[in-house]
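The values are calculated or read from the model by the stated rules, or taken from the named source; none is laboratory data. What you see is a predicted model; the values in this text were computed from it and never measured. Here Cβ is always computed from backbone atoms with ideal geometry, including for glycine, and neighbour counts include all displayed protein chains.
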Amino acid sequence: MINMKRVASPIGLLLQDVPGHINDSEILNFLYTREVNWQHVNAIKTLTDFNDGVISDWLNVSVKTFREYKKPPTSLKENVKEQVLLLLSLIKHGIDVFGSVSEFDQWLNRKNFYFDNKMPNDYLNTVTGVKFVDDRLTAMEYGDNV
């Protein structure tokens, strides 16, 4: 379980209900029972050291659109809501595995054998890629050291 003391208070509260692992049924339940909005987009920006260009690439939107998504009261398309929720779930899982946002960010930016010697963050612009990175985190939890 994520240590909320390590995450800024409003962000920590927002993350409490976000699934800690990517599980299709939990993600779908969240998408259909809760609102995913600009606060969730802001949480990604706040929790990571990645710039607007990288995060907009993960969401498959322009930088201008991403910046608009960070403002209230923005309405997000369903596919963007899903990608935002998947990314937050991945970040939450990464913080849990590495113990801090900065350690997780460093891992995301390091070339890795399991990612064909690419950086894990290169895979975060598709649902399948986010799930693949999440699967690697789970493998690490069970002793696979990369």
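A single member of Leu14, Leu86 is assigned to a helix (DSSP H, G or I), hydrophobic (A, V, I, L, M, F, W, C), buried (at least 17 other Cβ atoms within 10 Å of the Cβ) and at pLDDT 95 or above, and it is Leu86.
Residues in region 103-124 that are surrounded by 12 or more Cβ atoms within 10 Å (Cβ to Cβ) and of a type in the set (Asp, Glu): Glu103, Asp105, Asp122. The single condition among (1) part of a helix (DSSP H, G or I); (2) in contact with a Leu (Cβ under 9 Å, 6 or more places away or on another chain); (3) closer than 17 Å to Gly129 by Cα that Ser56 does not meet is (2).
Residues are listed down the side, and each one gets a yes or a no for (1) farther than 22 Å from Leu59 by Cα; (2) touching a Leu at 6+ places or on another chain (Cβ under 9 Å); (3) surrounded by fewer than 13 Cβ atoms within 10 Å (Cβ to Cβ):
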residue: Ile95; (1), (2), (3): no, yes, no
residue: Val101; (1), (2), (3): no, yes, no
residue: Thr126; (1), (2), (3): no, no, no
residue: Asp144; (1), (2), (3): yes, no, yes
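Okay, residues lined up against (1) within 17 Å of the chain's Cα centre (by Cα); (2) part of a loop (DSSP other than H, G, I, E, B); (3) modelled with pLDDT of 95 or more; (4) under 19 Å from Thr138 (Cα atoms):
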site: Ile27; (1), (2), (3), (4): yes, no, no, yes
site: Gln39; (1), (2), (3), (4): yes, no, no, no
site: Pro73; (1), (2), (3), (4): no, yes, no, no
site: Glu82; (1), (2), (3), (4): yes, no, yes, no
site: Tyr114; (1), (2), (3), (4): no, no, no, yes
